[in-house]
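Comments concern the structure below.
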Amino acid sequence: MSVRLPLFPLNTVLFPHMPAGLHIFEERYREMIRDCQEQGTSFGVVAIREGIEVGAAALPFTVGTLAQIHEVEKLDDGRYKLVVAGASRFAVESLSLTRSYLIGTIHYLEDVRGDEDAIPDLVRRVITAFGAYNAGLRNLADEEGADNDDPALPDDPELLSYMVAASLNVEVNRRQELLEEDSVSGRLRHCLRVLRRESIFLDQMLARRDHHVVPVSLN
C-alpha cells in the first residue's frame, strides 16, 4: 500500500534500528517538523544522490528509512534538535513539492532472511572481519588498546547487519547499496565484502606509513 511521507534529504544514510542526531535549521524543514508534530506523524530520511543538503532541492535515492522521532528540542531561534531512530525501509514511487519540503509517495519494504542456512556462518565471519577492520582504523589513528576496544556486537543477524553497515566509514553510495539489500543474508555478505576490501586498504595505508623514510639532508 502506498502512503505519503515527508522526506528529509541528507548526505548520509539512516539505517533501521540505528539512532541519529539531527539539526534542523532550514525554514522548510522547520515547517516539516511542525507539520509532523501537529499531525502526530514522522518523516523519512533519504540520502542525496545529486545536489546538496542546503538550498536548492536535492535529488534523493529512491530507497530510504522512516525516522521515528524520540526527542525534540526547539531552540529559541526556531531551530530544532532531534534524536531519531531508523525504522522501516521504504521505496519512493514519486516526489512532489506541494509543501516547501519534499513529499514522497512511498511503499514500505519488507526485510527477508534470505539464505537461512548460511546466516550463522556469515554472522561469525562478519563479527571477525569487523574486529579486524576496527583494529585497523585504530592503528591508523595511533590509538592504544586496539585489541581491547571493540564494540559489543549483537547476535541477531538483522540487527548485526545494520549495525555494521552503519559503522562503516565508506562513501554514501556504498552505504546506500547496503540499505537497498532486501535480505539479511545478502546484507551480511555485502558487509563482509566491504569489510575485507576496507581492511586491505587500511593494511596498505599502515604499511606505507610504517615504511615511510624521512629524507636526510647531506649538507
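Before moving on, here are some points about what is shown:
- ASN169 meets each of the listed conditions (1) open to solvent by less than 80 Å² (accessible area, probe 1.4 Å); (2) assigned to a loop (DSSP other than H, G, I, E, B) apart from (1).
- Test: GLY55 is open to solvent by less than 50 Å² (accessible area, probe 1.4 Å), small (Gly, Ala, Ser) and modelled with pLDDT under 95: yes
- Verdict on ARG89 being open to solvent by 20 Å² or more (accessible area, probe 1.4 Å), of a type in the set (Lys, Arg), touching a strand residue (DSSP E or B) at 6+ places or on another chain (Cβ under 7 Å) and assigned to a strand (DSSP E or B): no
- Note on segment 9-48: among residues that are farther than 23 Å from LEU159 by Cα and without any contact (Cβ under 8 Å) to a residue 40 or more places away in the chain, the one that is least open to solvent (accessible area, probe 1.4 Å) is CYS36.
- Counted residues, segment 97-137 - those being open to solvent by less than 30 Å² (accessible area, probe 1.4 Å) and out of contact with any helix residue (DSSP H, G or I) (no Cβ under 7 Å at 6 or more places or on another chain): 7
- Candidates are the residues of segment 188-209 that are within 22 Å of THR62 (Cβ to Cβ) and free of Cβ contacts under 8 Å to residues at least 40 places away in the same chain; the one that is least open to solvent (accessible area, probe 1.4 Å) is VAL194.
- Within segment 31-50, the set of residues being out of contact with any strand residue (DSSP E or B) (no Cβ under 6 Å at 6 or more places or on another chain) and either within 16 Å of ASP76 (Cα to Cα) or basic (Lys, Arg) (or both) comprises GLU31, ARG34.
- The lone criterion from (1) surrounded by 15 or more Cβ atoms within 10 Å (Cβ to Cβ); (2) over 18 Å from the mean Cα position of the chain (by Cα) left unmet by GLU71 is number (1).
- Some residue of segment 158-173 being over 14 Å from the mean Cα position of the chain (by Cα) and not basic (Lys, Arg): yes
- VAL72 being touching a residue at least 24 places away in the same chain (Cβ under 8 Å) and either touching a Cys at 6+ places or on another chain (Cβ under 9 Å) or more than 24 Å from GLU171 (Cα to Cα) (or both): yes
The values are calculated or read from the model by the stated rules, or taken from the named source; none is laboratory data. As the structure is a computational prediction, the values presented were derived from the model and not from experiment. Counting neighbours? That spans all protein chains shown, and the Cβs are built from the backbone with ideal geometry, glycine included. Only protein heavy atoms, including side chains, enter the accessible area calculation; ligands, DNA and RNA are left aside. Shrake-Rupley method; radii C 1.70, N 1.55, O 1.52, S 1.80 Å.
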